[in-house]
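The values are calculated or read from the model by the stated rules, or taken from the named source; none is laboratory data. Quick caveat, the model's predicted, so the values are computed rather than measured. Here the Cβ positions follow ideal geometry from the backbone for every residue, glycine too, while neighbour counts run over all protein chains shown.
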Amino acid sequence: MGATNSSLELMGVKIVKDIRNTANRITNCENANIDKTVTAAVNQIAAIRKIEQIQGLDSLPDDLRELALIRLENPDLSLRELGERLNEPISRSGVNHRLNRLIKIANSF
């Protein structure tokens with residue numbers, strides 16, 4: 001009798017620990033994704049500001065200028081949300097490609 005109760009109690013403790021560990025893993029993953037997103041947005045905005053100071057945003061092709069202005073106005077939007085705000089919406093991948101082009105232009109100075 002005592003062994004059964006101890007076994008059930010031990011299983012209960014293991015279940016609680018497993019739930020806590022799972023919750024911690026999910027939280028850590030979400031925090032890492034948020035940090036990665038914020039870092040990328042900061043780098044993108046810095047690149048856009050650099051282009052703006054050196055040659056002006058008017059020197060950019062229309063597609064890059066539109067995205068640059070939207071990124072400056074909305075630093076917290078995801079790539080998908082940025083793509084949806086363009087006059088001609090594009091995919092997350094397309095937005096990422098354009099932002100990488102902006103960063104490449106900024107790094108060329």
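What residue, among those in the range 62-109 that are farther than 21 Å from T39 by Cα and not in a helix (DSSP H, G or I), is modelled with the lowest pLDDT?
F109
Each row is one residue, and each column tells you yes or no for (1) closer than 30 Å to A106 by Cα; (2) surrounded by fewer than 10 Cβ atoms within 10 Å (Cβ to Cβ); (3) within 15 Å of the chain's Cα centre (by Cα).
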position	(1), (2), (3)
G2	no, yes, no
S6	no, no, no
K17	no, no, no
N33	yes, no, yes
A41	yes, no, yes
I45	yes, no, yes
I48	yes, no, no
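Within the group L72, L60, which residue is surrounded by 13 or more Cβ atoms within 10 Å (Cβ to Cβ), under 17 Å from A106 (Cβ atoms), touching a residue at least 24 places away in the same chain (Cβ under 8 Å) and more than 20 Å from the chain's Cα centre (by Cα)?
Details: L72 fails: more than 20 Å from the chain's Cα centre (by Cα).
Going through L72, L60 in turn, just one is surrounded by 13 or more Cβ atoms within 10 Å (Cβ to Cβ), under 17 Å from A106 (Cβ atoms), touching a residue at least 24 places away in the same chain (Cβ under 8 Å) and more than 20 Å from the chain's Cα centre (by Cα): L60.
Pull out all pairs, ordered by first then second residue, where Cβ-Cβ is under 9 Å, the residues are six or more apart or on different chains, the first lies in the range 82-109 and is exposed (fewer than 11 other Cβ atoms within 10 Å of the Cβ), and the second is assigned to a loop (DSSP other than H, G, I, E, B).
Here the result reads F109/Q55, each pair linking the range 82-109 to a residue that is assigned to a loop (DSSP other than H, G, I, E, B).
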